[in-house]
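The values are calculated or read from the model by the stated rules, or taken from the named source; none is laboratory data. From a predicted model like this one, the values you see are computed outputs, not experimental measurements. Positions of Cβ are backbone-derived with ideal geometry, glycine not excepted, and every protein chain shown enters the neighbour counts. Only protein heavy atoms, including side chains, enter the accessible area calculation; ligands, DNA and RNA are left aside. Shrake-Rupley method; radii C 1.70, N 1.55, O 1.52, S 1.80 Å.
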Amino acid sequence: TGTTSITADASDNVGVSKVEFYQGATKLGEDTTAPYSYSWNTTSVSNGAYSLTAKAYDAAANNATSAVVSVTVSNAVEPPADTTKPTVSITAPASS
């Protein structure tokens, strides 16, 4: 729920230039320095199942995509604001 960190490990014989993070086919963002990560605000999507991947690039534009990680978003629904005043009365001692 809320914002969660997506992290990825990437390596190359010369060096990784960037890692892109995807939710399905939608690019969420990218990171150009290790450790590679992206803060995903899950409140921007509906509750349900999603597939996440990371795509790493090297300086020669070679790239590789990670295996899919399946996640379930379940953002809590805030209850409606309570605007009803409580009731109160004294029960003891009796009046008079």
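Figures for the structure shown
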quantity	calculated
Filter result (more than 12 Å from the chain's Cα centre (by Cα) and touching a residue at least 40 places away in the same chain (Cβ under 8 Å)) within the range 27-61	A54, A56, Y57, D58, A59, A60
Qualifying residues in the range 62-94 (those that are under 19 Å from the mean Cα position of the chain (by Cα) and not β-branched (V, I, T)) - the one least open to solvent (accessible area, probe 1.4 Å)	N75
Test result for T26, under 14 Å from A8 (Cα atoms) and at pLDDT 95 or above	no
Subset of the range 50-61 that is open to solvent by 50 Å² or more (accessible area, probe 1.4 Å) and modelled with pLDDT of 95 or more - its residue that is nearest to S11 (Cα to Cα)	K55
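Yes or no, residue by residue, for (1) farther than 30 Å from V77 by Cβ; (2) touching a helix residue (DSSP H, G or I) at 6+ places or on another chain (Cβ under 7 Å):
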| position | (1), (2) |
| --- | --- |
| G2 | no, yes |
| D9 | yes, no |
| D12 | yes, no |
| E20 | yes, no |
| A25 | no, no |
| Y36 | yes, no |
| T43 | no, no |
| G48 | no, no |
| A59 | yes, no |
